[in-house]
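Have a look at the structure below before the remarks.
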Amino acid sequence: MGGQRPLPFFVLLTLSLKASGLNALKSLVLLAFAGAAATAMAQSAVLAPPQNVLQLSASGTVEVQQDLLNMTLVATREGPDAAGVQSELKAALDKALAEARKAAQPGKLDVRTGNFNLSPRYTREGKISTWQGHAELVLEGSDFALVAATAGHISTLNVGSIGFGLSRPQREKAEAEAQKLAIDAFGQKAGELAKGFGFSGYTLREVSVNASQGGPIQPRMMAMAKSASVSDAPVPVEAGKANVVVNISGSVQLK
């Protein structure tokens with residue numbers, strides 16, 4: 001018989017599958033390109049720098065009276081034997097602690113020990129010649145008269161340093177006032193700059209607030225050895241003022 005013979009069924013099925021596979025492949029390629037384009041657009045949007053953003057800072061300062069007194073009493077001893085020097089320092093510190101604890105009142109007068117150390121002193125030949133020791137007792141509180149009088153009653157230690165600072169309630173109150181001043185200054189500055197650049201206003205983007213105390217306890221070194229005749233005399237003290245500062249920095253979106 002002449003003419004073309006019909007293709008077998010399995011050949012037709014194979015050709016059909018190849019055609020459908022090609023279409024599916026085309027669809028997958030199109031989807032891949034679309035996904036890549038969308039990703040590129042999204043990345044471009046993320047990487048694009050923000051427009052009309054203003055960086056600025058402001059601060060608020062409140063001057064406040066220092067209401068915390070810190071007095072460090074010290075004892076020094078020196079001798080050829082480390083154990084002997086340590087024993088002398090311990091006896092002096094124990095006696096001072098006993099005296100200070102009689103007057104201690106939470107907040108008004110708090111008592112704690114400070115540094116206690118021993119160190120050798122050497123000859124030119126590198127041998128230990130003597131031992132030197134140092135002990136501290138710290139008196140701190142808001143009742144200046146009580147702290148000073150207690151220091152005057154302690155005869156086994158001498159005043160090593162005096163410092164002033166702010167109690168926690170005083171500091172927190174001052175920080176709240178300074179923070180309000182800083183916020184007002186930040187908002188006023190942002191509004192003025194927005195108008196200066198031709199915008200009607202602004203919205204906050206991000207902001208950080210930091211507080212600092214200018215004039216914390218700064219010990220002043222003293223050299224006040226006591227004699228028996230004046231051992232009960234209160235140590236003269238006078239506090240000054242400290243600046244509590246709150247700084248605000250951040251960025252705003254001009255609109």
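The values are calculated or read from the model by the stated rules, or taken from the named source; none is laboratory data. Worth saying up front: this structure is predicted, and the values here are computed from it rather than measured. Because the Cβ atoms are built from the backbone with ideal geometry, glycine has one as well, and the counts that use them run over all protein chains shown.
Below, the figures for the structure above:
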| read-out | value |
| --- | --- |
| Residue satisfying all of: in region 177-205; over 30 Å from Ala242 (Cβ atoms) and of a type in the set (Phe, Trp, Tyr); surrounded by the most Cβ atoms within 10 Å (Cβ to Cβ) among these | Tyr202 |
| One residue from Phe116, Phe164 being within 30 Å of Ile248 (Cα to Cα), aromatic (Phe, Trp, Tyr) and not in a helix (DSSP H, G or I) | Phe164 |
| Top-ranked residue in region 121-165 [being within 22 Å of Pro106 (Cα to Cα) and β-branched (Val, Ile, Thr); ranked as surrounded by the most Cβ atoms within 10 Å (Cβ to Cβ)] | Val147 |
| Residue among Ala239, Ala211, Ala228 that is at negative phi, small (Gly, Ala, Ser), modelled with pLDDT under 95 and touching a Phe, Trp or Tyr at 6+ places or on another chain (Cβ under 8 Å) | Ala239 |
| Candidate set from region 97-137 (those that are of a type in the set (A, V, I, L, M, F, W, C) and more than 34 Å from the chain's Cα centre (by Cα)); member that is farthest from Ala148 (Cα to Cα) | Ile128 |
| Residue within region 83-102 that is closer than 30 Å to Gly240 by Cα, hydroxyl-bearing (Ser, Thr, Tyr) and not in a strand (DSSP E or B) present | no |
| Checking Ser212 against (1) in a helix (DSSP H, G or I); (2) under 19 Å from the mean Cα position of the chain (by Cα), the condition it does not meet | (1) |
| Arg171 vs. criteria of a type in the set (Lys, Arg), touching a strand residue (DSSP E or B) at 6+ places or on another chain (Cβ under 7 Å) and surrounded by fewer than 17 Cβ atoms within 10 Å (Cβ to Cβ) | no |
